[in-house]
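Some notes on the structure that comes next.
Taken together, the values in this text are just the output of simple stated rules run on the coordinates, not laboratory data. Being a predicted model, the structure only gives us computed values, none of them experimental. Cβ: placed from backbone, ideal geometry, glycine included. Neighbour counts: every protein chain shown.
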């Protein structure tokens with residue numbers, strides 16, 4: 001057992017962190033941006049301990065002020081370097097920054113195997129930046145299951161900007177659009193068919209395109225392909241995503257990217273689309289939250305004591321059909 005301030009943390013048999021009482025003290029420490037409190041609360045949220053939901057419920061009224069910027073793209077496109085440079089740019093504007101970097105999961109520990117904090121050591125000692133690496137833990141779509149909740153904690157902690165870097169899985173990395181106010185898709189020259197390689201899914205979610213490593217041969221071709229794609233389809237909000245060329249390792253193009261982010265936000269405000277965009281995002285997130293909550297309830301109430309294995313055997317042996325079985329289980333939930 002380790003004590004910190006007026007609250008304590010316990011390690012369960014499975015190794016997950018569990019929070020003690022004195023919720024108000026903990027909320028105040030998180031709102032003050034205290035790094036140790038943030039780290040422990042985020043760990044509790046990731047591990048889905050029972051106390052995590054009451055914490056999130058209490059923190060939610062203090063959220064809604066942060067700008068959430070999502071950065072996605074194929075592996076090797078330079079997402080981490082660009083996040084690092086964006087964080088520097090916003091810190092120069094005296095804005096506080098939270099970074100959530102989603103990494104692949106270690107098959108041995110279940111933790112993040114790349115460790116973006118190692119790649120961002122230049123921010124060590126800057127109290128205005130909080131960096132958290134998260135493992136996907138098998139969750140698809142480029143994020144971890146609790147990434148949105150972690151962003152909620154950072155928002156409540158008073159971060160002005162929250163940068164969310166997805167894991168870098170390719171075409172189906174689209175969950176970020178449900179979380180981010182601004183979604184940036186990063187491309188690089190020399191990836192075979194370039195835009196065609198990752199066109200399906202991910203290309204449609206971009207509010208801003210970044211052609212990183214634009215000092216390489218082929219950058220102009222990538223830009224032409226993006227513009228050709230944009231000419232074929234008009235977004236429902238009539239916004240044409242800006243294309244920004246960067247060389248993130250040298251900081252080239254980063255000020256232009258910051259300006260492009262601001263221009264998109266101004267567009268949303270002028271077109272009175274801010275609330276509409278947030279409402280649509282929350283519609284999707286609420287459905288996902290409901291799905292997860294109902295699944296947990298079903299597993300807890302209806303599928304315990306080896307019931308899943310028993311049902312699976314019955315279906316495999318054709319003694320029961322899966323459709324009637326699922327309907328029967330769902331009907332029991334409401335009773």
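Table for the structure above
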item: Packing-based exposure ordering (other Cβ within 10 Å, fewest first) of 90, 311; result: 311, 90
item: Calculated diffusion of segment 278-333, Stokes-Einstein form, Kirkwood radius summed over Cα pairs, 37 °C and 0.692 mPa s, µm²/s; result: 256 µm²/s
item: Inter-centroid distance (Cα atoms) of segment 35-96 relative to segment 257-323, Å; result: 20 Å
item: Separation in nanometres of the label points that stand 7 Å from Cα toward Cβ, at residue 235 and residue 259; result: 1.9 nm
item: Residue exposure sequence - 279, 43, 146, 53 - by fewest surrounding Cβ within 10 Å; result: 279, 53, 43, 146
item: Segment residue 293-residue 36, extension gain: residue separation times 0.36 nm, minus the distance between their alpha carbons; result: 89.7 nm
item: Residue 283/residue 57 FRET efficiency (R0 22 Å; Cβ-Cβ; nearest 0.05); result: 0.65
item: Angstrom value of the Kirkwood radius, inverse mean 1/r, which spans all Cα pairs in segment 229-335; result: 19.0 Å
item: Which of 325, 295 has the fewest Cβ neighbours within 10 Å, and the rest in rising order; result: 295, 325
